[in-house]
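In what follows, a single structure is set out as structure tokens and then discussed.
Just so you know, all these numbers are worked out from the coordinates, no wet-lab data involved. Just so we're clear, the structure is a prediction, and the values are computed from it rather than from any experiment. With ideal geometry, Cβ positions are generated from the backbone for all residues, glycine too; neighbour counts draw on all protein chains shown.
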Amino acid sequence: MFKPSDAPRLFGLAPGVDFPKALITGLHSRLEGQPPEAMARVDLIVNTRRMARRMRDLFDAGPAGFLPRIRLLTQLDTLVPNVTLPPATPALRRRLALIQLVSKLLDTDSSLAPRASLYALSDSLASLIDEMQGEGVSADAIADLDVSDQSGHWQRARTFLEIAQRYLAHTITEPDTEARQRQLISRIITHWDESPPQHPIILAGSTGSRGTTSMLMQAVARLPQGAIILPGFDFDMPTAVWADLDRELLSEDHPQYRFRHLMKALDLSRAQVTPWTETAPHSAPRNALVSLSLRPAPVTHAWLTEGPALENLAGATADLTLLEAPTPRIEALSIALRLRQAVEDGQTAALITPDRMLSRQVTAALDRWDILPDDSAGTPLHLSPPGRFLRHVARLFGTKLGAEALLTLLKHPLTHSGSDRNAHLLNTQRLELQIRKDGLPYPSAEGVQRVAAKIAAKLKEPQAFNAWADWVAGIFPDNQIHGPLLLTDWTARHLGLANAIAAGQAGGENHELWAKKTGEKAAAVMAELAAHAEHGGEMSASDYADLAGALLSGAEVRDRDAPRPDIMVWGTLEARVQGADLVILGGLNDGVWPEAPPPDPWLNRQMRLQAGLLLPERRIGLSSHDYQQAIAAREVWLTRAIRSDEAETVPSRWLNRLGNLLGGLSQTGGPEAWQQMRARGDVWVDQVRALEQVTRTDPAPRPSPRPPVAARPRELSVTEIKRLIRDPYAIYARHSLKLRRISPLVQSPDAPVRGIILHEIMERFVKSATADPALLTKQNMMKIAAEVLEVEAPWPAARAMWLARIGRVADWFIEHEKRRQSFSTPVAFENAARGKHVFPDLGFTLNGIADRIDKSEYGDVLIYDYKTGAPPSPKEQRSFDKQLLIEAAMVEAGSFAEIGPAPVALAAFIGLGAKPVEIPAPLEDEPPAEVLAGLHDLIASYLSPTQGFTARRMVKTEDAAGDYDQLSRFGEWDGTSPANAEDVE
């Protein structure tokens, strides 16, 4: 294939050339005239599976012939016969070993790092070890670094790096993947030195960015029939600029730096790198423009001399579109619109971006037109249904089962997927509604059975539901484990519980958890964990849940549906496998593309340089090379969002350089070309605005419905009178429309719950003190409070806080209680103090429940109501909050059967908030007879067909939230809007 040569062979293909296609063209041209089987003797090494797959597709497209032996850089075991190594130590085993080592170190000295950073430190340490092995840097080289000018942080880092040193010592005999790759390549090179192969060996598509790969590339280039084919080689860059790339610290971020580094290692000049084929790039003027814009920073003065010589700027940018969207959402929609246009025009199109959020937004937008792109990254396994399910199950071991966690799992599509899924969903809905009604923050087996019994009592045939409830009570509660267990035990428990939940009542293995591609991938991840669990040692439940989640998040799965082969989403590495008519470079903002270098907890930049490890600039250089290749495609979009969700963004440095270069070439039409690029992008932003345009509708008026008299409420409670005055619409919605607020699934320690518990505490305390005055003590009150809170308040933090609050008001309450009991005796509490008052002429019944009713020795009645917050003032009671005034009027009218007609001497609110206070009701200003007469008139008015139930008529504050604000469409109107009275049927 190649003529004999003493110099290494280094070829290149310009940016914009279809690399796999040109590679095959060059192979055919060099083998022209040779027998067909000559192609079968070629060893072709490529760097990605996508590259290998595309090459096979191109060969399959014809003409008929033999294939070369295509293999990946990571699969070299059969490259040289009899040169191989045992399988590498699995990465998971290495990870578990490092976790154990770091865990023991943190147990020994907790000041080194917080326990929560265990997995982050372990993974970061594993990445450093991979990098050291890939670059051939020994642990001794790290230990011998000159750190005389470094801070004390280095001493802490060295403690962890000693773990890496001990680990690396074992990789010689038990190599992991990186160590094995380096050892294998070293053996292959040694064999080639002794017995050079005579058949063609070609390594194509790699930049040699890693030390091990670069070592192999140098060896291949020196073989008798070996060659390296570099992707995206810049033939437009002058020789003098190539020489300037030798200044490493200034040039590592240049896209061609790695090639210059390889050329130096092979002792080759720029002139000795020749094109693999004569295939021309799509736009030679554009390549020259981009090449000049990417010159190393110290030599950008070349813009002044070489810039005016650039030819045909209009042609170079004719197929470039710059889209600067106001927001990431508009950027994603614009890209989706262009991809949709590509489908209609029969074009192949690829979105290239490192921003996974952007690619997911574009995929979601394309779903509007039923377009599913071929996403090379797939979907992270932990976001798939099996991944989410396994993570939910793992969390059951580390936390007490909550109602939200229970219902989340019960509703998961993989739960009870063995059989009778429909009945399971129906029963889940029943259970949820009852939990919302009764409250069950932390479901235990007994709690589930108690709630289920109430549901079963309403069913005609409860047997099937009871069997299902027994399954729920037996599977979900009581899985929390407090002590550490071996990883083998955790894995077995996790898989056992996951299978039991997925199978449902029928049990067995007939369920959907491990079905389809996502299930198969999840099964493989868990099987690998189980296989290596013996190396994991002991860990806590939370540590296991974190480990399982991390393993699932590290795996990806391709969508089970067949995507469109002509619409692709690629990572930046796949810019080298171009073959698309349209390429969209998305997310061109600094920090996104190029990505911000990740924080390094171990070595600073200077130390990395001394050790020979990757510098942050090298990562930027590789990303820059991907950009240079991608922008050379036939038609290219450059997109960015001007603002993120948080602040204004900074354009990518490459975009800035291109814009600045064109902006300075005013004599050759540079600014005009840049503006035309922008104008083409603005057209699509305008299309997105048109697509998103909505027809404005008038806001809803403030409702004041007038239902038929027969549909108006004929019975209200005393506490609802306040709501009738302040927000009549809420009464209409609750009683006329029969709408009830659904309680939250996770009951929180809010004010209503606190009030219920406080009433229970005070009732029990006052009853005990009435029976035995010696118990009227703070000690007794706190004892009762602790007992009630233990049962009724399953929130440890809230329980402690409420108990402390009761302790602060206890002395005040006891002092005033002694005074109260000196002239009266409690005779009725909430459960017994129930009254009913009927207005016969209206056909209306008023119900009332008093917190507490006392009687004096003279037969006078005293009414008390407990408040956890600030009680209403006398002025508020006169106008709005008439609860005590109405209850007093009902007592005097004999509406409380347990009390009988009696004069009311006092009615008072007892406020037990931060500032305890007792506020009496203004009985003298509001005599009972007048209160009942006023109430009669109020009820009569709302039973009139002309009276509407106005929304938020006189709310206390505008920001007060109501249960029916959404129904009334509050927000489209406000408190100043006039009421819109409307008859409703």
In range of the label at S269: residues from region 1-40 whose backbone nitrogen is under 19 Å from the point 7 Å along Cα→Cβ: 5-12
Which order, highest average first, do 745-752, 384-391 follow once you tally other Cβ atoms within 10 Å for each residue and take the mean per peptide? 384-391, 745-752
For Cα extents along the principal axes in Å, with candidates (1) 124, 64, 64; (2) 76, 75, 60; (3) 111, 61, 58, the value calculated from the shown model is option (1)
How many nm separate the modelled label positions at N466 and Y858, each set 7 Å beyond the Cα in the direction of the Cβ? 6.0
Got a sec? Charge dipole of region 880-970, +1 on Cβ for Lys and Arg, -1 for Asp and Glu; which of Q947, Y964, A893 is way out at the positive end? Y964
Summed side-chain charge close to K3 - residues other than K3 whose Cβ falls under 13 Å, Lys, Arg +1, Asp, Glu -1: +1
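Going through region 841-892, which chymotrypsin sites (Phe, Trp or Tyr not before Pro) have at most 12 other Cβ atoms within 10 Å and a DSSP loop state?
Working: sites: F844, Y858, Y864, Y866, F880; in loops: Y858, F880.
Passing sites in region 841-892 are Y858.
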Please compute the length gained on full extension between A116 and V984, using 0.36 nm multiplied by the number of residues separating them and subtracting their Cα-Cα distance. 306.5 nm
Along the charge dipole of the chain, pointing to its positive end and built from +1/-1 on Cβ of Lys, Arg, Asp and Glu, which listed residue (S127, H191, F829) has its Cα farthest out? H191
Could you go through region 625-630 in sequence order and give the Karplus-derived ³J(HN,Hα) for each residue, using 6.51 cos²θ - 1.76 cosθ + 1.60 with θ = phi - 60°, rounded to whole Hz, and x for Gly and Pro? 5, 4, 5, 4, 6, 5
Got a sec? Charge dipole of the chain, +1 on Cβ for Lys and Arg, -1 for Asp and Glu; which of A179, A456, P871 is way out at the positive end? A456
Taking region 612-679, which GluC sites (Glu not before Pro) meet the DSSP loop condition and have no more than 12 other C-beta atoms within 10 Å? E646
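How about region 44-134: which chymotrypsin sites (Phe, Trp or Tyr not before Pro) there lie in a loop by DSSP and see at most 16 other Cβ atoms within 10 Å? Mind dumping the intermediate values first?
Numbers: sites: F59, F66, Y119; in loops: F66.
Of the chymotrypsin sites (Phe, Trp or Tyr not before Pro), the ones in loops of region 44-134 whose Cβ has at most 16 other Cβ atoms within 10 Å are F66.
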What's the magnitude of the charge dipole for region 824-881 around its Cα centre, counting Lys and Arg as +1 and Asp and Glu as -1 at the beta-carbon? Answer in Debye, nearest 20. 100
Using 7 Å Cα-to-Cβ label points, what is the E509/A679 separation (nm, one decimal)? 6.8
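Counting DSSP beta bridges in the chain, what percent are antiparallel, to the nearest 5?
Bridges in the chain that DSSP calls antiparallel: roughly 30 percent.
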Summing +1 per Lys or Arg and -1 per Asp or Glu among the other residues with Cβ less than 12 Å from E324's Cβ gives +1
As a quick test, which of the pairs K875/K915; K454/K867; K437/K778; K882/K956; K400/K517 have an alpha carbon distance above 24 angstrom in this structure? K454/K867; K437/K778; K400/K517
